[in-house]
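Reviewing the structure listed below.
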Amino acid sequence: MKKDIFSESERLDRITSEVRETLTSWGYEEVFLPSVVEHDDDLRKGLKITYENEFYSVRPDPTSQIALNFKDGLPKRKFYIREILDGIEGTFQAGIEFLCDDPMRNKVEILNILISVLERLKIEDFYVDIGSLKIWKETIEEIKEHRDDIFKALKRRNLSLIDDLPISSEKKEELWDLLNLRGGKCGFDKIDRLISLVDDDRFYADLGTVRPLPYYDDIIFEIYSPRAGFPIGAGGEYNLDGTNGCGFALDLEIISRIYKMEEEDDFVVVGGNLKTSYRRARELVKDGKKVRMEI
Amino acid sequence: MDLSIALPKGRLLDKSLEYLRQAGLELKVKKNRELVQNIEGNKLVLSKPSDVPVYVEHGIDIGIAGSDVLEERKSEVFVPVELDFGKCRLSVAVSNEKNIDIQDFEGYTVATEYPNLTSKFFEERGISVDTIRLDGSVEVAPRIGIADAIVDIVETGRTLEANDLVEIEKIMDVSALFMVNRISQKVRFEEINELVEKLKEV
């Protein structure tokens, strides 16, 4: 939304409409979040401000905001579409969250909806890499005093940082091998089963996918396309007071770069007498048709 | 290999080309001033060193630049290998006559090409300073009185000495880094990993 606000808005309008319709078709309800909330250390991102000696966050990360507000009763299916701030930088995101008692169903549903959303946007050349934070946590259990350094190295695939750690060469090799473990299967049951249940050859097991966000618990995934230099989106599973949740967020501005906008041809063009033409248009809209008034 | 590659113009270029050549990726750079060159199927982008991480973050497959510029630009890229050249340090320096401790910097003005790293360094120590961003010849700032100190790259210390400055604290060690675009790493997994393995051996 920088240079040409109208043409970019037209694209985002089309994209958000498609995303909204798809998520609604899957039974998800849109959440309208307040722009300004009291600051909470559990809220990520946002623009932190003070007002009358109180701290607030403007447009923080919705996942943490939604998670903080989930009450009793399952399942829960929610989505949001909005601008998120990180300091003064904003990005438009669409995200969904699903809470239910069956952790595998949770992830299978979320990943199927992801496919559904991208296919609705006619983005077929996407890939999803699935990793596991739990596998990494277990692998470094015996050297957990180096946890922060290791995750820093993993996030950047930085072999040199791993080489500098005072750990055995066998362990370094194990970490490097795990970081490069990638394919249709990885030998870890949870990931392999998930990929088999989603049953789509655009999904890969990739232990090199490491995004240790505070709320992610185990399975994490990253969505990308060879046509975009940035990830299209990302997601993962989390645990909320003993209940399993899973969700993803799509970066709509990255999607906008690869989205091919097609001419909309389902409009009824209405023209003629000023009075009767608008009356006819009103009736068409009432019947669920789209109209474009001839000028 | 059909890769897009961002390399820094200036002192790191020759070494970068040499490291890539030894890793099996030879780029015969044309001696004209073309900033984007197609070399045997690869696309080479010659840029300001500080822009290399940004190019790689935005879709260029691989690049080489110093760890100072990567940390300053905070670019989201993979950094699989630190390379054994471009070694120097980012340091705080003041004029010889002002030679004081970092703790006494409160209210000082610091000139630098690295405003983010400078602010972070002083904020972590609870010291409030004003930062002036300059592009090059930062060491002039204290001499003409627009800054009390500088934060800049120090290699041998001779430039500081020539400008009557003294290094008082190191902020970070710097070396050249091999960077990979996050998506290229996934899409071109095998060939980039092969290049990384060879670069490790150089």
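Per the listing A:Arg182, A:Arg202, the residue uniquely of a type in the set (Lys, Arg), touching a residue at least 24 places away in the same chain (Cβ under 8 Å), closer than 28 Å to A:Phe92 by Cα and within 14 Å of chain B (Cβ to nearest Cβ) is A:Arg202. In segment B:154-175 there is at least one residue matching the filter, namely being closer than 30 Å to A:Phe230 by Cβ, touching a residue at least 60 places away in the same chain (Cβ under 8 Å), β-branched (Val, Ile, Thr) and in contact with a Gly (Cβ under 6 Å, 6 or more places away or on another chain).
Given the criterion part of a strand (DSSP E or B), among the charged types (D, E, K, R) and touching a residue at least 12 places away in the same chain (Cβ under 8 Å), identify the matching residue among B:Lys43, B:Lys15.
Numbers: B:Lys15 fails: part of a strand (DSSP E or B).
Among B:Lys43, B:Lys15, only B:Lys43 is part of a strand (DSSP E or B), among the charged types (D, E, K, R) and touching a residue at least 12 places away in the same chain (Cβ under 8 Å).
If the condition is being among the hydrophobic types (A, V, I, L, M, F, W, C) and either modelled with pLDDT of 95 or more or under 19 Å from B:Pro49 (Cβ atoms) (or both), then segment B:150-167 contributes B:Ile150, B:Val151, B:Ile153, B:Val154. Would you confirm whether or not segment A:166-187 contains a residue that is surrounded by fewer than 15 Cβ atoms within 10 Å (Cβ to Cβ) and in contact with a helix residue (DSSP H, G or I) (Cβ under 6 Å, 6 or more places away or on another chain)? Taking every residue of segment A:166-187 in turn, at least one turns out to be surrounded by fewer than 15 Cβ atoms within 10 Å (Cβ to Cβ) and in contact with a helix residue (DSSP H, G or I) (Cβ under 6 Å, 6 or more places away or on another chain). Restricting segment A:37-57 to residues that are surrounded by fewer than 16 Cβ atoms within 10 Å (Cβ to Cβ) and of a type in the set (Val, Ile, Thr), the residue that is farthest from the chain's Cα centre (by Cα) is A:Thr50.
Evaluated against (1) outside any strand (DSSP E or B); (2) among the aliphatic types (A, V, I, L, M); (3) buried (at least 20 other Cβ atoms within 10 Å of the Cβ); (4) away from chain A (no Cβ under 13 Å), B:Ile127 falls short on exactly one condition, (3). Whether any residue in segment A:43-53 is at pLDDT below 90, on the phi > 0 side of the Ramachandran plot and among the basic types (Lys, Arg) is what I want to check. Looking through segment A:43-53, at least one residue is at pLDDT below 90, on the phi > 0 side of the Ramachandran plot and among the basic types (Lys, Arg).
Out of all the residues in segment B:73-104, which are part of a strand (DSSP E or B) and within 14 Å of chain A (Cβ to nearest Cβ)? Even if it seems obvious, please write down each step before you answer.
Pass one, segment B:73-104, residues part of a strand (DSSP E or B): B:78-82, B:88-95.
Within segment B:73-104, B:Phe78, B:Val79, B:Pro80, B:Val81, B:Glu82 qualify.
Please work out if B:Val52 is free of Cβ contacts under 8 Å to residues at least 40 places away in the same chain and hydrophobic (A, V, I, L, M, F, W, C). Here the answer is no, as B:Val52 does not meet what is asked. Among all positions in segment A:21-31, there is no residue which is surrounded by 15 or more Cβ atoms within 10 Å (Cβ to Cβ) and over 17 Å from the mean Cα position of the chain (by Cα).
Evaluation of B:Thr118 against the conditions (1) touching a Leu at 6+ places or on another chain (Cβ under 7 Å); (2) modelled with pLDDT of 95 or more; (3) more than 14 Å from chain A (Cβ to nearest Cβ) shows that the sole unmet condition is (1). Of everything listed in (1) within 22 Å of the chain's Cα centre (by Cα); (2) in contact (Cβ under 8 Å) with a residue 24 or more places away in the chain; (3) part of a helix (DSSP H, G or I), the single unmet condition for A:Asp192 is (2).
Please identify the pairs in which a residue from segment A:4-16 that is under 18 Å from A:Ile96 (Cα atoms) has its Cβ atom under 9 Å from the Cβ atom of a residue that is surrounded by 13 or more Cβ atoms within 10 Å (Cβ to Cβ) and acidic (Asp, Glu), counting only partners at least 6 apart or on another chain. What qualifies is A:Leu12/A:Glu253. Looking across segment A:138-165, the residues that are surrounded by 14 or more Cβ atoms within 10 Å (Cβ to Cβ), more than 29 Å from the chain's Cα centre (by Cα) and either away from chain B (no Cβ under 14 Å) or more than 18 Å from A:Val210 (Cα to Cα) (or both) come down to A:Ile143, A:His146, A:Asp163, A:Leu165.
Select from segment B:162-182 the residues that are closer than 17 Å to B:Leu83 by Cβ and buried (at least 16 other Cβ atoms within 10 Å of the Cβ) and write down the one among them that is farthest from the other protein chains (Cβ to nearest Cβ). Quick ask: steps written out before the conclusion?
First, the residues of segment B:162-182 that are closer than 17 Å to B:Leu83 by Cβ: B:172-180.
Restricting the remaining residues to those that are buried (at least 16 other Cβ atoms within 10 Å of the Cβ) gives B:174-180.
On the way: B:Val174: 13, B:Ser175: 9, B:Ala176: 11, B:Leu177: 9, B:Phe178: 9, B:Met179: 9, B:Val180: 7 Å.
For segment B:162-182, the residue satisfying everything is B:Val174.
The values are calculated or read from the model by the stated rules, or taken from the named source; none is laboratory data. Not measured: the values here are computed from a predicted model. Note: ideal-geometry Cβ built from the backbone for every residue, glycine included; neighbour counts use all protein chains shown.
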